[in-house]
Amino acid sequence: MRNKWWIGACAAWMACAPLAAQNLQKGDYGYLYCHMSGRGEWTAYALSRDGLHYEDLLGGGPVYDVEKLSPIEGGARDAYICRTYDGKGYVMVTTDMSNRKSRSWFNHGIDLLRSDDLIHWESVAFDFRKGASVFSDPDSPDVYRDYAGIKRVWAPQIFWDPAYVWPDGKKGGYMIYYSLWNPEEEKYDRMYYSYADHSFTTLTKPRLMFDWGYATIDADINYVPADGKYHMLIKKEGGTPGIFAATADKLTGPYRIKSETDYVRFEGNRKCEGCSAFQLIGDSTWRVAYIQYSTKPRQYRICQADERMQNFHSPVTIEGVEAPQHGSFMRLTKKEYKRLKRWSAREMKRRARDDKGAEIN
């Protein structure tokens with residue numbers, strides 16, 4: 001009787017407690033690593049059963065037509081993927097950028113993508129240079145006098161926030177956070193955020209998340225149940241450079257560095273960025289992936305952290321991915337895993353037939 005009472009009391013408390021923002025986690029069969037390819041500016045997939053040993057899908061080739069779905073520059077970088085808030089689909093966000101075409105490290109927008117099956121995708125592009133006209137709240141305050149001066153919109157990511165309230169009273173939105181740099185009006189890249197609606201096709205104007213006095217890029221936010229806080233991994237380029245952890249009580253901040261001595265520093269003087277944290281199935285501790293990019297060959301590494309996302313240790317190199325780069329990880333069900341493997345096998349056979357036919361002709 002006591003156990004039944006306790007279970008009922010806990011259920012009632014959870015029903016009344018504030019709902020923490022978090023992306024939906026589902027699946028206990030394997031993992032999808034969705035990433036920018038190191039071979040080119042497109043989005044690629046790899047599958048794993050254990051979270052460390054992977055196999056490329058489509059031979060590491062593009063998951064979708066990047067020229068069509070990244071219409072600003074025809075290139076996609078920094079892919080971040082997660083489930084929709086209701087578990088009925090999938091959403092992805094990428095940096096719309098092609099260094100290969102522009103020969104610069106500037107870009108001007110991001111792409112919001114949605115799929116029902118992880119295979120067929122649709123996108124909406126947001127060119128930030130156009131200013132108020134591309135956002136869903138054109139009459140709200142502006143963070144810049146002139147959006148046309150924006151030179152970087154980098155590494156966007158997604159976080160479902162059930163507490164966000166829209167002007168019409170509807171609750172829930174996808175917080176899209178990213179770094180922005182408008183050199184005409186600010187000295188360095190700073191972290192901003194917007195909100196996308198339930199359809200994942202609109203975006204509010206940027207709002208400044210924080211300014212630490214130096215450039216910050218490649219943020220990755222997770223809710224950590226062990227301490228009930230939001231933990232942000234981020235590349236900071238002031239003070240001691242590297243991938244550091246910051247925490248906040250609210251999703252939108254303010255975020256403060258936890259420790260200046262406990263950070264991802266295994267690579268010595270080699271430069272690292274593109275961090276992405278995830279948990280293995282059934283494990284309360286964390287894995288933190290990142291790209292070590294300043295040497296050849298570059299190394300994509302995965303280290304460990306404790307349940308409070310601290311005490312980083314034991315880095316290893318990802319296995320089975322030909323060209324790993326900045327990306328993200330999502331747990332999969334058996335049905336999803338098998339569907340992606342069958343799709344990849346069919347596509348590879350079709351391409352082989354097409355190539356053979358081309359050789360004969």
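The values are calculated or read from the model by the stated rules, or taken from the named source; none is laboratory data. The model shown is predicted, which means the values in this text are computed figures rather than measured ones. Note that each Cβ is placed from the backbone with ideal geometry, even for glycine, and that neighbours are counted across all protein chains shown. When the accessible area is computed, the model is the full protein with side chains, heavy atoms only, and any ligands, DNA or RNA have been set aside. Shrake-Rupley method; radii C 1.70, N 1.55, O 1.52, S 1.80 Å.
When the chain is described by a simple charge dipole with +1 on each Lys and Arg Cβ and -1 on each Asp and Glu Cβ, the residue from G109, Y214, V93 located farthest towards its positive end is V93. Model label points for H198 and A20, set 7 angstrom from Cα along the Cα-to-Cβ axis, are 2.5 nm apart. For region 143-209, the Cα-based Rg and Dmax, in that order, read 12.9, 37 Å. The mean sequence separation of alpha-carbon pairs under 8 Å and at least six residues apart, normalised by the residue count of the chain, gives a relative contact order of 16 percent.
Taking the accessible area of region 257-303, probe 1.4 Å, and keeping the other protein chains in place, the carbon and sulfur fraction comes to 43%.
Here K349 is the anchor, and the aspartates and glutamates within straight C-alpha reach of less than 16 Å, apart from those fewer than 8 places off in the same chain, are D56, E359.
In this structure the amide hydrogen of M209, modeled in the peptide plane, comes within under 5 Å of the amide hydrogens of M191, Y192, Y193, none closer than 5 places in sequence on its chain.
Rounded to the nearest 500, what is the chain's calculated 222 nm mean residue ellipticity when only DSSP H runs of at least 4 contribute -39500 (n - 2.57) each, over all residues?
On the way: 4 runs with 50 residues, N = 361.
My calculation for the chain gives -4500 deg cm²/dmol from helical runs alone.
Among the lysines in region 151-243, how many pairs, 8 or more places apart or on different chains, have alpha carbons under 19 Å apart? Before the final figure, lay out the partial values.
Details: K151/K187; K151/K205; K151/K235; K151/K236; K170/K205; K171/K205; K187/K235; K187/K236.
Going through region 151-243 pair by pair, I get 8.
Computed over protein heavy atoms with a 1.4 Å probe, the carbon and sulfur contribution to the accessible area of region 96-153 reaches 46%. Rounded, prolate or oblate: which one fits region 66-178, using the alpha carbon gyration tensor with axes a ≥ b ≥ c (rounded when a/c is under 1.5, else prolate when a/b beats b/c, else oblate)? Note, shape of region 66-178 comes out oblate. Here the simple spin-label model places points 7 Å from the Cα toward Cβ, and for E185 and K170 these points are separated by 2.8 nm.
When all protein chains stay in place and ligands, DNA and RNA are ignored, the 1.4 Å accessible-area order of I257, I158, largest first, is I257, I158. To the nearest 10, the accessible area of W154 is 50 Å² with a 1.4 Å probe. Protein heavy-atom accessible surface, 1.4 Å probe, per residue over region 188-271: 39 Å².
At 25 °C and a viscosity of 0.890 mPa s, what translational diffusion coefficient does Stokes-Einstein give for region 187-235, taking Rh as the Kirkwood radius over Cα pairs? Give it in µm²/s as a whole number.
Details: Rh = 12.7 Å.
D, rounded to a whole number, is 193 µm²/s.
Multiplying each eigenvalue of the alpha-carbon gyration tensor of the chain by 5 and taking the square root yields semi-axes of 29, 27, 23 Å, largest first, rounded to whole angstroms.
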